[in-house]
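Single-structure report; data block below.
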Amino acid sequence: MPLLNDDQLRRFAERGSVVIPNVVPPPLVQAAMQQIDRLVEQNPPPPDRRGFHFFWEQNPADTDPLVALLQASRAQEIAESLIAPLALAKLEQLQVSLNIPVWNHRPGGPHIDGLKVTEPSGRPGTFTVLAGIFLTDQSASDMGNLWVWPGSHNVAASYLRQHGPDALFD
């Protein structure tokens, strides 16, 4: 049985994203939630904080419950199927992104992640794929802080073909 059906593959190609429910088993979600609780306890957001709050882990250990969301579920296999015949490199960074209510912010437009850091060669510090693993239901508007702009990857690709990669630094 294929990892993704034709509709999911088509949606990924057209939109640049795809939602695949129930990829991560509940015990992995529970362990990750406990790890997030520890992160918040060790370094809590300011009491008056509303909206997004991030925790970043650089070069996380394979034993980290947050890494297990990707590596011990079908998520990594699915991501790799989308970039085949290439493969994913070792995970260099993970982000825990919280949305502290009430925060009804709606961004005015897209941005491209990964362009602020450059490689030693001067190449933009981009990445192959972003895997957002939701640990809570997103059953209504304004419940999270991951925004997807369907098709924006095609607009960016067209612009870069026309203007070249140095246009990113203009």
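At a temperature of 4 °C and a viscosity of 1.567 mPa s, determine how fast region 8-72 diffuses translationally according to Stokes-Einstein, using the Kirkwood radius over alpha-carbon pairs as Rh; express D in µm²/s, rounded to the nearest whole number.
Details: Rh = 14.3 Å.
For these conditions, the coefficient is 90 µm²/s.
Phi angles across region 149-163 convert, under the Karplus curve 6.51 cos²θ - 1.76 cosθ + 1.60 with θ = phi - 60°, into 3J(HN,Hα) values of 10, x, x, 5, 5, 6, 5, 5, 4, 5, 4, 5, 4, 6, 10 Hz, Gly and Pro given as x.
Would you work out what percent of the accessible area of the chain, with all protein chains in place, is carbon or sulfur (probe 1.4 Å)? Carbon and sulfur: 54 percent of the exposed surface of the chain.
Helices in the chain, meaning DSSP H runs of at least 4 residues, each add -39500 (n - 2.57). Divided by all residues, the mean residue ellipticity at 222 nm is -10000 deg cm²/dmol. Just to be sure I follow the definition: excluding the sites themselves, where is the longest run in the chain that has none of the trypsin sites (Lys or Arg not before Pro) in a DSSP loop with at most 10 other Cβ atoms within 10 Å? Looking at the chain, 1-89 is the longest stretch - no exposed trypsin sites (Lys or Arg not before Pro) with at most 10 other Cβ atoms within 10 Å.
Across the chain, the mean sequence separation of Cα contacts (distance under 8 Å, 6 or more residues apart), normalised by length, yields a relative contact order of 27 percent. Surface analysis of region 16-122 yields an accessible area of 68 Å² per residue, using protein heavy atoms and a 1.4 Å probe.
Going by the alpha-carbon gyration tensor, a ≥ b ≥ c the square roots of its eigenvalues, is region 41-170 rounded (a/c under 1.5) or, if a/c is not under 1.5, prolate (a/b greater than b/c) versus oblate? Verdict is oblate for region 41-170.
The values are calculated or read from the model by the stated rules, or taken from the named source; none is laboratory data. Worth saying up front: this structure is predicted, and the values here are computed from it rather than measured. Note: ideal-geometry Cβ built from the backbone for every residue, glycine included; neighbour counts use all protein chains shown. SASA here: full protein model, heavy atoms, side chains in, ligands and nucleic acids out. Shrake-Rupley method; radii C 1.70, N 1.55, O 1.52, S 1.80 Å.
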